[in-house]
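Student: Following this message is one structure expressed as structure tokens.
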Amino acid sequence: MRVLVTGGAGQLGRDVAIACEAAGDTVVAVDRASLDVTDRDAVLGAITSVRPDAVVNCAAWTAVDACEGDPDRALLANGLAVRHVAEACHRVGSHLVHVSTDYVFDGTLDRPYHEWDETNPQSVYGMTKLIGEREALALGPSSAVVRTSWVCGEHGNNMVKTVLRLVGEHPTLAFVADQVGHPTFTADLAPVLRQVALDRRSGVMHLTNQTPTSWYGFVCEIVRLTGRDPDAIVRPIATAELHPPRPAPRPANSVLDNAVARMAGMPPMRDFRDPLAELVRRLTA
């Protein structure tokens, strides 16, 4: 395929480009400096020039708390920008794979969320990402929206890198135990996104690594992989104990059931502990 990847400098975008190149695709990866997706003319110009078979849209403003303070910027970056990308894809017949988030749900369900569950975002970030989903899905069968959660990778900032830094700076750490989700690793997610594009799948899909855990449980696993005793270093707290409280509410339940992929016969992504161990080894080598 000829693939255009937006958000190409981010942790997911970089691994999508790597996965596509490894599969023999011709890849054009653009970052914000080379393509501002909020600029309609620039987006139309870039995509109609490249004429890709597929566009994997990893561009987004993911600073969840900052979005609360600047909803217009969030709506532009996460909502209207997707309209520009979808419009350009329509003009040249490109298949759009748009990356979304667990934050489109309110997190109150007592089971994993499947693709047909009602959305109810509680934050500006979640609301604007849901608007972006709708803009992408307006392409009909020519688009897929992939919701994922708790994304970590070798490139860019994420929880794994934060914890590896904190364990060297503080004798004890506290993380919330009442928010549960699926940590998902870009090295595993990226090739699946490519396959979604290659198969020209449509509609909403949930794609995550497997085995749910809390942020506390996730951090304990990271600490264990460094050779330290998590029981001696990490303590669980409730979200209500965070001081200061976060500006944006987080879903208590972010566990995404990968129902569409499972029903389609797609192999499940690995238990999150496997790619986590690989990532920690790379980052601490």
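The numbers here are math on the coordinates, done by the rules we state, and not lab data. Every value quoted in this text rests on a predicted model; they were computed, and no experiment measured them. Methodologically, a virtual Cβ is constructed for each residue, glycine included, from the backbone with ideal geometry; neighbour enumeration extends over all protein chains shown.
Student: State the answer as a single residue: which of ALA88, ASN57, ALA9 lies farthest towards the positive end of the charge dipole of the stretch 1-92, with beta carbon charges of +1 for Lys and Arg and -1 for Asp and Glu, about the Cα centre.
Tutor: ALA88
Student: Percent antiparallel among DSSP beta bridges with both residues in the stretch 174-285, to the nearest 5?
Tutor: Around 25 percent antiparallel, to the nearest 5.
Student: Further question: Quick check on the exposure proxy: order PHE175, PHE185, PHE272 from fewest to most C-beta atoms within 10 angstrom.
Tutor: Lowest to highest Cβ neighbour count: PHE175, PHE272, PHE185.
Student: Can you give me the angle between helix 215-225 and the longest principal axis of the chain, using Cα atoms only, in degrees from 0 to 90, rounded to the nearest 10?
Tutor: Approximately 80 degrees, to the nearest ten.
Student: What is the set of long-range amide H partners of VAL151 at a cut-off below 5 Å, with H atoms built 1.01 Å from backbone N?
Tutor: For VAL151, whose amide H was placed from the backbone, the distant partners under 5 Å are THR184.
Student: Moving on. Show that you can apply the helix-only estimate: for the chain, add -39,500 (n - 2.57) for every DSSP H stretch of four or more residues, divide by all residues, and state [θ] at 222 nm to the nearest 500. Before the final figure, lay out each step's value.
Tutor: Values: 12 runs with 113 residues, N = 285.
Dividing the helical sum by the residues of the chain leaves -11500 deg cm²/dmol.
Student: Show me, for the stretch 186-194, the HN-Hα J-couplings you get by feeding each phi into the Karplus relation (A = 6.51, B = -1.76, C = 1.60, θ = phi - 60°), rounded to Hz, glycine and proline as x.
Tutor: 4, 4, 8, 6, 4, x, 6, 4, 4
Student: Now for a different question. What GluC sites (Glu not before Pro) does the stretch 101-157 have in DSSP loop regions with at most 14 other beta carbons within 10 Å? Please list the in-between numbers first.
Tutor: On the way: sites: GLU115, GLU118, GLU133, GLU135, GLU154; in loops: GLU115, GLU118, GLU154.
Listed in order of number, the matching sites are GLU118.
Student: Which whole-number percent gives the relative contact order of the chain, counting Cα pairs below 8 Å spaced six or more residues apart? Before the final figure, lay out each step's value.
Tutor: Values: 604 pairs, mean separation 59.6, N = 285.
Rounded, it is 21 percent for the chain.
Student: Among DSSP bridges having both ends in the chain, what percentage is antiparallel? Round to the nearest 5.
Tutor: 5
Student: Between the helical axis of 81-92 and the dominant principal axis of the chain, each derived from Cα atoms, what acute angle in degrees is found, rounded to the nearest 10?
Tutor: Rounded to the nearest ten degrees, it is 40.
Student: Please list, ordered by chain and number, the residues whose modelled amide H lies under 5 Å from the amide H of ALA29; skip anything fewer than 5 residues away on the same chain.
Tutor: VAL5
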